[in-house]
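The values are calculated or read from the model by the stated rules, or taken from the named source; none is laboratory data. Quick caveat, the model's predicted, so the values are computed rather than measured. Here the Cβ is made from the backbone with ideal geometry for all residues, glycine too, and neighbour counts use every protein chain on show. For accessibility, only protein heavy atoms count, side chains too; no ligands or nucleic acids. Shrake-Rupley method; radii C 1.70, N 1.55, O 1.52, S 1.80 Å.
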Amino acid sequence: MNETPNTSTVVVTDTVRVRMAPSPTGFLHIGGARTALFNWLFAKHHNGTFILRIDDTDMARSTDESMHEIYTALQWLGLAWDEGGDKGGPYGPYVQSERKPIYDAYVTQLLETGNAYHCYCTPEELEEIRAQARADKQTRSYDGRCRELTSEAVNGFTAEGRKPTVRIKMPDTPILVDDLVLGSRNIDPATLEDEVIVRSNGMPNYNLTSIIDDAEMQITHVIRGTEHLNNTPKQIAIAHALGLEVPQFAHIPLVLDSSGRKMSKRHHGDLVAVNRYREQGYLPEAVLNFVARLGWSYDDKQEIFSVDELIEKFDLERVGKSGSVFDIKKLEWLNSHYINQLSISARTDAVIPFWQAEGLINSIEKRDWLENIVEAVGERLTTFQDIIPQTRYFFTDAFEYEPKAVKKWWGGSEEKREKTSEILTNLLQILEEVPSFDVETVETAIWKYTDENDIKRVAAMQALRIALTGTSFGPSLFDIVALLGRDEVLKRIPRAIAHL
Ligand code: GLU
């Protein structure tokens, strides 16, 4: 993003307290990881506190499973929280479903001060009101008709068995939303309707619980996605009605795909799920680096940031106003960068679970051999999962010969295939006879054969490579020969000759 820093300046006077407040209704979304990261970085940068609050008042959609998945994903990313979640802290409980008495007390206060009222409209009546508002081209769809109900009307509704909701009275004066990313805006009260803050089943709604908790938990800055921008004036109105401190807001831009559509579970499937990246062998450092750059940039050039550098450099001034584009190629590039930074031993540790899950190894007895394989693969891994297609043939000879490779290097014509068969037969004999099976000995023997017989080196190499691995790509052929070992090589060549 190539934008000038924002004009509103972030003034940090108090100890920073920020929070991430996921609703446990699914996996951790890449946008959620970004919200967590920006909050965490902001807290770390200012020596503040990062809080994890669980917004689970939507009981029907919230699950424990999702909550634990979110914990695991954040832990994998290394975004440890100081308070909240399963950790507790001085302002707990941090799970909203356990805080109902707190919200109830605030609702009572709002009702008693005349800032909120019971609304008895049925869903059918509300639909009619909405239809009328649409016809009148009104921006707010509820007309506030229950604001001044007589006690007879209330008794009548109660006798009918109607269960009321609670609505907050929106003020008549503009609401100032001062956003650290987007700047300040005055919201015309005519665009805001009296929001339902408690459902007819007695459960409080997000806008109420969120701002109450932000105040109760002494949150200084609310950093969240722009999808919540419309909620902010409502939350400010509730805070004012309750006399609560209003935090500073910073809304961060949406994460978009390359065609400008919001990245979502519905349209992009597991591409937005943080767990997917863990499962496929991405490094948390790469995901964090990638996510940091979704909406934030330090300058026009720098792409690679260590976590420490992010903590040092992160600020809200450099968060862009417009949507940021999710480019999986960039994540892949970052991931291979971070993989290549790891020692062979660390890379081996990381790929072993993938080999195990694929059933290619069940013990790690031959650790040195495994490390040598990883070393031979070199810088070819984009993800750890790539180790499977790139090394399967080291563990099993149950592979097919790739048709394209066969056609190109073994030959399309009868005559060419006979020639290949002859080369492989000769190589077999040479490899049976070499005194030892190390890289140098094998290499010298093979080159001696090709050069003395006027055979193109590449032709012989590729013919042998396909015989041993089924493909025409991969690590150095001599590494492969040495790592497979004599017995395996002498078994695979005759199988290829038979195939030819
Ligand atoms: N529970 C909301 C969400 O998951 C939190 C929004 C907020 O940060 O206030 O989107």
> Restricting the search to region 263-278, which residues are within 16 Å of the ligand (Cβ to nearest atom) and buried (at least 18 other Cβ atoms within 10 Å of the Cβ)?
Replying inline: Met263, Val272, Ala273, Val274
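Test Gly161 against the stated conditions and say whether it is of a type in the set (Gly, Ala, Ser), in contact with an Asp or Glu (Cβ under 6 Å, 6 or more places away or on another chain) and surrounded by fewer than 18 Cβ atoms within 10 Å (Cβ to Cβ).
On the way: of a type in the set (Gly, Ala, Ser): yes; in contact with an Asp or Glu (Cβ under 6 Å, 6 or more places away or on another chain): no; surrounded by fewer than 18 Cβ atoms within 10 Å (Cβ to Cβ): yes.
Judged against the criteria, Gly161 is not a match.
Among the residues of region 99-109, are any at pLDDT below 95 and β-branched (Val, Ile, Thr)?
No, that holds for no residue.
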> Identify, please: which residue in region 469-481 is farther than 15 Å from Lys408 by Cα and of a type in the set (Gly, Ala, Ser) and is, among those, least open to solvent (accessible area, probe 1.4 Å)?
Replying inline: Gly474
> Can you tell me which of Asp64, Asp86, Asp58 is of a type in the set (Asp, Glu), open to solvent by 20 Å² or more (accessible area, probe 1.4 Å) and within 15 Å of the ligand (Cβ to nearest atom)?
Replying inline: Asp58
> Filter region 225-246 for residues that are charged (D, E, K, R) and surrounded by fewer than 24 Cβ atoms within 10 Å (Cβ to Cβ); which is farthest from the ligand (Cβ to nearest atom)?
Replying inline: Glu245
>> With the requirement that a residue be without any contact (Cβ under 8 Å) to a residue 24 or more places away in the chain and surrounded by 11 or more Cβ atoms within 10 Å (Cβ to Cβ), what does region 106-142 give you?
In response: Thr108, Glu125, Leu126, Glu127, Glu128, Ile129, Arg130, Ala131, Gln132, Ala133, Gln138
> Is there any pair with a first residue in region 18-37 that is within 17 Å of Ala80 (Cα to Cα) and a second that is among the hydrophobic types (A, V, I, L, M, F, W, C) and within 9 Å of the ligand (Cβ to nearest atom) whose Cβ atoms are under 7 Å apart and which are 6 or more apart or on different chains, and what are they?
Replying inline: Val18/Ile223; Pro22/Ile54; Thr35/Met20; Thr35/Ile223; Ala36/Met20
> Conditions: (1) under 20 Å from Tyr277 (Cβ atoms); (2) free of Cβ contacts under 8 Å to residues at least 40 places away in the same chain; (3) within 13 Å of the ligand (Cβ to nearest atom). Gln75 meets all but one. Number of the miss?
Replying inline: (3)
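So which helices (runs of 4 or more DSSP H) are wholly in region 276-393 and hold at least 3 residues that are small (Gly, Ala, Ser) and without any contact (Cβ under 8 Å) to a residue 40 or more places away in the chain?
Working: elements: 284-292, 307-313, 328-341, 344-357, 367-377.
It comes to 344-357.
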> Taking region 42-94 as the search range and keeping residues that are in a loop (DSSP other than H, G, I, E, B) and among the aromatic types (Phe, Trp, Tyr), which one is nearest to Asn201 (Cα to Cα)?
Replying inline: Tyr94
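Looking at region 195-205, which of its residues are more than 14 Å from the ligand (Cβ to nearest atom) and open to solvent by less than 10 Å² (accessible area, probe 1.4 Å)?
Taking region 195-205 and keeping what is more than 14 Å from the ligand (Cβ to nearest atom), we get 195-203.
The answer is Ile197, and nothing else.
Here is a yes/no grid of residues against (1) open to solvent by 20 Å² or more (accessible area, probe 1.4 Å); (2) touching an Asp or Glu at 6+ places or on another chain (Cβ under 8 Å); (3) modelled with pLDDT of 95 or more:
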position: Glu414; (1), (2), (3): yes, no, no
position: Ile423; (1), (2), (3): no, no, yes
position: Val434; (1), (2), (3): no, no, yes
position: Ala467; (1), (2), (3): no, no, yes
position: Leu483; (1), (2), (3): yes, no, yes
position: Ile497; (1), (2), (3): yes, no, yes
> So, in region 206-223, of the ones that are within 26 Å of the chain's Cα centre (by Cα) and open to solvent by 20 Å² or more (accessible area, probe 1.4 Å), which residue ends up nearest to the ligand (Cβ to nearest atom)?
Replying inline: Tyr206
>> Out of Pro22, Pro93, I need the residue that is open to solvent by 20 Å² or more (accessible area, probe 1.4 Å) and closer than 24 Å to Val246 by Cβ. Which one?
In response: Pro93
